[in-house]
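Below is one structure, written out as structure tokens; the observations come after it.
The values are calculated or read from the model by the stated rules, or taken from the named source; none is laboratory data. Here the structure is a predicted model, which is why all the values come from computation and not from measurement. SASA here: full protein model, heavy atoms, side chains in, ligands and nucleic acids out. Shrake-Rupley method; radii C 1.70, N 1.55, O 1.52, S 1.80 Å.
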Amino acid sequence: MSAESSTPRRKGRLAARSAFVVAAAAGLVATAVVLTAPANAGTTLGASAAEKGRYFGAAIAAGRLSDSTYVSILNREFNSVTAENEMKWDATEPSQGNFTFSNGDRIANHAISRGMKIRGHALLWHQQQPSWAQNMSGSALRNAAINHVTRVASYYRGKIHSWDVVNEAFADGTSGARRDSNLQRTGNDWIEAAFRAARAADPGAKLCYNDYNTDGINAKSTAIYNMVRDFKSRGVPIDCVGLQSHLTNGPPSDYRANIQRFADLGVDVQITELDISGSSQASGYASVVNACLAVARCTGITVWGIRDSDSWRTGQNPLLFDASGNKKAAYTSTLNALNAGGTQVSNPPTTAAPVTTRPATTSQAPVTSANPQGGACRVAYGVNAWNSGLTTEITITNTSGTAINGWSLVFTLPSGQVITSGWNASYSPTSGQVTARNVDYNGALPANGSVSIGFQATHTGNTAKPSSFTLNGTACTAA
């Protein structure tokens, strides 16, 4: 979605979306709007969401950062931003191989200066391709697309919380089929290839698939569910699913159930482009918030614009602030729903595939083991650190001579390091002495076999490696 250049290109599908959401709203279970906020509640959207371990963000345009009212609301209310158009293919690579990031950097730098998360939108999409890509096909287009993913994700490496790696690749209707596009015609594995390239380029970012008309359980959302389940079973790196949630009156009655089924696959769910029109707007926003707060892996909500005058849905007034920047009833219902409670996010680990290319490691001494003369395993532990964050790549090799069915690796994180997300293992707790346990698909570790795991963490200046490891209670050696 966009409030700027892409609006004319999307009018054709707005009617289809509106028909869908009106029909869905007919089955909506009514949610009362809470009129009184609890004591000690957050006073802004971002602050209240943060109390629940989540973010509440807005899609913004670089050209509006000179609008004082716009920026005042942005800075006061939100703790995450999404670039409306400035990180898309046509904006970042207007001619093949020539990249420009000036407007994307305006948004990124503003967010970083305010301590906001950044959602990258979108690496590959059948719309808003530069003209040179629209005229390509086959292997030439595939190579250009993967190069684009690699270059853009690498440029913003370490700055992006989540990337919409692929946007809107499934068709509307009841077929559950992929959308026909020049990208799809390069081969059915193009989405997988894009996710693998994004993981290699920025191993610390969460990688999302994003789409619309997927808010309830229907043919389109089920097709995406099946793709995610397949990706997880084969180790294709995917960390999250984005539900755009362009709604009329409110979400469908099975909205929460749909969020939960994706979460049950081991991926986060993000509400990525929320806007709601109609007479039940206020209760509709509360319903979306309540559904997200009820599922631990629903980690954040982004509204698609700030004021009604910024919205791509011209004349429908679907946002939380009116054209003058005043709070609407929908704002109050949203804040009250956030303050009313919900499930605290505990940074559940992702289970994405291992990094396909080893990230550059810091120049630290090799890990030394408590038992350097021998052990049941060998551990290689790589660290890529920046500012206040780091990612690791850990390879565990079973050197015991016998197969292991179910494993746990224990190590102590240096002071100040706290795990925020991970892949290919569950991590508990997130600081101090940590136990990394296998997930359902990688518990079998044959003799001389290896498994790769990793995590992202924050740090307070200490980026050292753990000094020792044990696998199922037996000391390991350093690789």
Checklist entry - Taking the alpha-carbon set of the range 231-279, what are its Rg and Dmax in Å? => result 13.0, 45
Checklist outcome for this item: Computed on Cα atoms, Rg of the range 82-229 relative to 2.2 N^0.38 Å comes out at 1.03
Checklist outcome for this item: Counting only protein heavy atoms and leaving out ligands, DNA and RNA, the solvent-accessible surface of E192 at a 1.4 Å probe, in Å² to the nearest 10, equals 40
Next on the checklist: Compute the distance from the alpha-carbon center of the range 431-461 to that of the range 93-164, in whole Å.
Outcome noted: 30
Checklist entry - What is the distance in Å between the Cα centres of the range 223-278 and the range 301-327? => result 23
Item to check | Along principal axes, Cα extents of the range 423-479, largest first, whole Å | outcome: 37, 24, 18
Checklist entry - When the Karplus curve 6.51 cos²θ - 1.76 cosθ + 1.60 is applied with θ = phi - 60°, which whole-Hz ³J(HN,Hα) does each residue of the range 86-95 get, with x for Gly and Pro? => result 6, 10, 7, 4, 5, 7, 9, 9, x, 10
Checklist entry - With no solvent and one point per C-alpha, what does the Debye sum give as log10 I(q)/I(0) for the range 190-319 at q = 0.12, 0.18 Å⁻¹? => result -0.47, -0.95
Checklist entry - Got a sec? What order do Y225, Y55 fall in by accessible area at 1.4 Å, biggest, i.e. largest, first? => result Y225, Y55
Checklist outcome for this item: Residues meeting the amide H criterion for A444 (H placed from the backbone, H to H distance under 5 Å, 5 or more places apart or on another chain) are G406
Item to check | Distance violations [Cα-Cα > 21 Å] among K88/K206; K206/K327; K117/K220; K52/K206 | outcome: K206/K327; K117/K220
Item to check | Taking all pairs of distinct alpha-carbon atoms in the range 74-135, Kirkwood radius in angstrom | outcome: 12.4
Checklist entry - Stretch S72-T43 to full length: gain in nm at 0.36 nm per residue minus the Cα-Cα span? => result 8.9 nm
Checklist entry - Kirkwood hydrodynamic radius (Cα pairs, Å) of the range 40-108? => result 13.4
